[in-house]
Amino acid sequence: MFCLQRLDGRQTYDYRNIKISFGTDYGCCIVELGKTRVLGQVSCELVSPKLNRATEGILFFNLELSQMAAPAFEPGRQSDLLVKLNRLLERCLRNSKCIDTESLCVVAGEKVWQIRVDLHLLNHDGNIIDAASIAAIVALCHFRRPDVSVQGDEVTLYTPEERDPVPLSIHHMPICVSFAFFQQGTYLLVDPNEREERVMDGLLVIAMNKHREICTIQSSGGIMLLKDQVLRCSKIAGVKVLEITELIQKALENDQKVRKEGGKFGFAESIASQRITAFKMEKAPIDTSDVEEKAEEIIAEAEPPSEVVSNPVLWTPGTAQIGEGIENSWGDLEESEKEEEDEDGTDEAIILDTIKMDTGVEVSNIGSQDAPIVLSDSEEEEMIILEPDKNPKKIRTQTISAKQEKAPSKKPVKKRKKKRAAN
């Protein structure tokens, strides 16, 4: 660090790369200062003015530090760092009168515009105040409020389709530049990152516009700075602010140009095409001039095909076979099919056994093969007659009452008794 070489390879007065991207809506932007990312969003609404400032609009700034940016930030609690950053932003932007608040008045004492700037820290890698100040001023410059008209006591608010939105009246663009001091002010660094902030002894923040007007200055850390050190930092800040202001103006002009031409804009278009999260990829050029020559070389180097041509085999009229082929396996059953047939047979046997047990079926077999097999049931009114045959054709079902079954069984018994008595 003290050999004029920092941990990330920068020199003493070097700033990290700044990238500005805009959303689809006016007043939405993301500022990247190295790996530090801040999302800025501006909104507005009509409210009643303050009693002591009846003809001035209201500016409100809110910075949020979530655990998404760094695990050290506690959710739901305002830390000392957050309070200090919010106060510094208000002093830099509101107290410097960078926005004409009187132009935000609609009806004196009744209706004024309240401009709210919400800043969300997406990733923390040091120097939050510089990234937040750039995101806030960029979002304010990019924002457009709805147009209004006043007729008597009626205030008419127009949609963007009815009338073009109106930009805010901005006098100048104050930007914060941070300086880190080490060994009680002996060494100085511009734009400290998160590792450098952990070991620094003090911090000096200077808010300045491109006209070299100091809007606010704040020193923290308890170190004593000399007048020459402060003047030196102010000169460095003037150069850095001028460069950042030009970058902001170019970004705003490019976005406005794309919107007028009807091109694609938004956060999705700002993603680099080389990343895996990109929505589009550039087409790579392919040289097809010597394709035929390469194809001929490949064909020449390849082995010639075999000259053996198989003769077709005619099995039956209308069919043919080319090549040796394999044996016919249509008549053979596979092992899985055989197992299924065995299981089906066992299931049928089990079902027949259960039917005999439940209904009390009696199977009678008379010596001859042509005699029908009678299945009778004493409890039910059905009698099934099965005619055994090589190919069973029909099954007839007859319904006979229980009384009719018992009657013919008694008559032959009586006749036999009479014959025996006569003998």
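The values are calculated or read from the model by the stated rules, or taken from the named source; none is laboratory data. Everything quoted here is computed from the prediction, not taken from an experiment. Reconstructed Cβ throughout: ideal geometry from the backbone, glycine too, with neighbour counts over all protein chains shown. Note: areas computed on protein heavy atoms with side chains; ligands, DNA, RNA excluded. Shrake-Rupley method; radii C 1.70, N 1.55, O 1.52, S 1.80 Å.
Beta carbons closer than 6 Å, at least 6 apart along the sequence or on distinct chains, pair a first residue in the stretch 38-65 that is in a strand (DSSP E or B) with a second that is of a type in the set (Val, Ile, Thr) for VAL38/VAL31; LEU39/ILE30; VAL42/VAL117; CYS44/ILE115; LEU59/ILE115; PHE61/VAL117.
Of all residues in the stretch 181-210, which are assigned to a strand (DSSP E or B) and either under 39 Å from the mean Cα position of the chain (by Cα) or among the aromatic types (Phe, Trp, Tyr) (or both)? Selection gives PHE181, PHE182, TYR187, VAL190, VAL205, ALA207. Among the numbered conditions (1) open to solvent by 70 Å² or more (accessible area, probe 1.4 Å); (2) part of a strand (DSSP E or B), the only one that GLY222 does not meet is (2).
Within the stretch 212-225, take every residue that is touching a helix residue (DSSP H, G or I) at 6+ places or on another chain (Cβ under 9 Å) and in contact (Cβ under 8 Å) with a residue 24 or more places away in the chain and give me the one that is nearest to TYR187 (Cα to Cα). Applying the filter and picking the extreme gives LEU225. Within the stretch 26-37, the residues that satisfy the criterion of being outside any strand (DSSP E or B) and either open to solvent by less than 40 Å² (accessible area, probe 1.4 Å) or modelled with pLDDT under 90 (or both) are GLY27, GLY34. Of all residues in the stretch 163-199, those that are hydrophobic (A, V, I, L, M, F, W, C), surrounded by fewer than 18 Cβ atoms within 10 Å (Cβ to Cβ) and either free of Cβ contacts under 8 Å to residues at least 40 places away in the same chain or at positive phi (or both) total 2.
Among the residues of the stretch 244-265, those identified as part of a helix (DSSP H, G or I) and touching a residue at least 40 places away in the same chain (Cβ under 8 Å) are ILE244, THR245, LEU247, ILE248, ALA251, LEU252, ASP255.
Scanning the stretch 105-128 for residues that are assigned to a strand (DSSP E or B), out of contact with any Cys (no Cβ under 9 Å at 6 or more places or on another chain) and open to solvent by less than 10 Å² (accessible area, probe 1.4 Å) yields a count of 3. Just one of the numbered conditions (1) touching a Ser or Thr at 6+ places or on another chain (Cβ under 8 Å); (2) assigned to a helix (DSSP H, G or I) is not true of ALA136: (1). The C-beta contact set for the stretch 232-243 (first residue closer than 12 Å to VAL190 by Cα, second residue hydroxyl-bearing (Ser, Thr, Tyr), distance under 7 angstrom, 6+ apart or interchain) comprises ILE236/TYR13; LYS240/TYR15. The set of residues in the stretch 83-104 being buried (at least 16 other Cβ atoms within 10 Å of the Cβ) and under 34 Å from the mean Cα position of the chain (by Cα) consists of LEU85, ASN86, LEU89.
Mind checking which pairs have a first residue in the stretch 13-34 that is within 12 Å of LEU252 (Cα to Cα) and a second that is among the basic types (Lys, Arg) and open to solvent by 40 Å² or more (accessible area, probe 1.4 Å), Cβ under 7 Å, 6 or more apart or different chains? If the second residue must be among the basic types (Lys, Arg) and open to solvent by 40 Å² or more (accessible area, probe 1.4 Å), the pairs left are TYR26/ARG144.
Determine, yes or no, whether LEU203 is free of Cβ contacts under 8 Å to residues at least 60 places away in the same chain and closer than 21 Å to ASP14 by Cα. Yes: the conditions hold for LEU203.
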